[in-house]
Amino acid sequence: MKRTICLVLAAIALFTAIAACAGCSKESDALIGIWAGEVNYANYFNQGLNSIAGEGLAEYWAVENFPVTLILTFREDGTYSMTVDEAKLSQTIEDLKKKLTRGLRDFMQDLIDASESTMTVDEFMASMDISAETMIAEAIGPDVVEALVNECTYEGNYSVKDGKLYTSAALAYQVDKSMYEVYEVTKNTLTFMSVVGGDGDSLLSESLYPFTLIRTN
């Protein structure tokens, strides 16, 4: 009887230990894996456009959709990496060129109309010995996609606590505790709600939040 009681107590202790261990997984475990999703960079693009081209021309070039597919990987060793889908980015840039070409032609047409000239846009461009398509193609050269991919590809360290993601800008740096992304995670979705604190050097620009990524592995 005494031996039976000991075995029962041992079984209870083992069950309790297993149950406790099942509930003690790290918060970061839910993030480990590869996540991908389309993020609309339109606001980010338009903000940059205003600062470069000025509000006059930027009005003609503003976009409603600038899709970029992000790929975000969290590893068990506390490091992460981020990059973008190059093929899809290439298509986005091609669509952007068409939008900018149309916008440039509309801008020039309005200038011509304001001057009460009878010249057409094509005649005006011919007088400059260049086309709107060529101007945009020269402004957005063949290397722009590779440059953007390189700029958007980096890795660093991360930690999480209470639904807050802290990251570093590079592997050589420790995570920045003055800034964090607020996130919500389920089995298959990872939603970044907002960025708080810091000097704006978050994973992404504030104008992109909120956005959701899907688990791919």
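The values are calculated or read from the model by the stated rules, or taken from the named source; none is laboratory data. Source: prediction; values computed, not measured. Cβ placement follows ideal geometry from the backbone for every residue including glycine, while neighbour counts extend to all protein chains displayed. Accessible surface is based on the protein model in full, side chains and every heavy atom, while ligands, DNA and RNA are left aside. Shrake-Rupley method; radii C 1.70, N 1.55, O 1.52, S 1.80 Å.
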Checklist entry - Looking only at strands (runs of 3 or more DSSP E) that fall completely inside region 114-205, which ones have 1 or more residues that are open to solvent by 60 Å² or more (accessible area, probe 1.4 Å) and among the aliphatic types (A, V, I, L, M)? => result 189-197
Next on the checklist: So for region 83-97 (the condition being of a type in the set (Gly, Ala, Ser) and buried (at least 16 other Cβ atoms within 10 Å of the Cβ)), does at least one residue qualify?
Outcome noted: no
Checklist entry - Which residues, taken from region 181-213, are in contact with a Phe, Trp or Tyr (Cβ under 7 Å, 6 or more places away or on another chain), modelled with pLDDT of 95 or more and among the hydroxyl-bearing types (Ser, Thr, Tyr)? => result Tyr183, Thr191
Checklist outcome for this item: Going through region 41-83 in order, the residues found to be among the aromatic types (Phe, Trp, Tyr) and over 30 Å from Arg105 (Cβ atoms) are Phe74, Tyr80
Next on the checklist: Being part of a helix (DSSP H, G or I), closer than 30 Å to Asn157 by Cβ, open to solvent by less than 60 Å² (accessible area, probe 1.4 Å) and in contact (Cβ under 8 Å) with a residue 12 or more places away in the chain: is that true of Leu70 here?
Outcome noted: no
Checklist outcome for this item: In region 131-171, anything touching a residue at least 40 places away in the same chain (Cβ under 8 Å) and aromatic (Phe, Trp, Tyr) is listed as Tyr154, Tyr158
Checklist entry - Regarding Glu76, is this residue closer than 30 Å to Ala172 by Cβ, in contact with a strand residue (DSSP E or B) (Cβ under 6 Å, 6 or more places away or on another chain) and either open to solvent by 50 Å² or more (accessible area, probe 1.4 Å) or basic (Lys, Arg) (or both)? => result no
Checklist entry - If you go through region 90-107 one residue at a time, do you hit one that is among the small types (Gly, Ala, Ser) and without any contact (Cβ under 8 Å) to a residue 40 or more places away in the chain? => result no
Checklist entry - So which of Val196, Val185 ends up being under 21 Å from Val39 (Cα atoms), in contact (Cβ under 8 Å) with a residue 60 or more places away in the chain and of a type outside the set (Asp, Glu)? => result Val185
Item to check | Test: residue in region 50-65 that is without any contact (Cβ under 8 Å) to a residue 40 or more places away in the chain, open to solvent by less than 30 Å² (accessible area, probe 1.4 Å) and either touching a Phe, Trp or Tyr at 6+ places or on another chain (Cβ under 9 Å) or among the polar types (S, T, N, Q) (or both) | outcome: yes
Item to check | Condition check for Ser81: in contact with a strand residue (DSSP E or B) (Cβ under 7 Å, 6 or more places away or on another chain), closer than 26 Å to Ser168 by Cβ and in a helix (DSSP H, G or I) | outcome: no
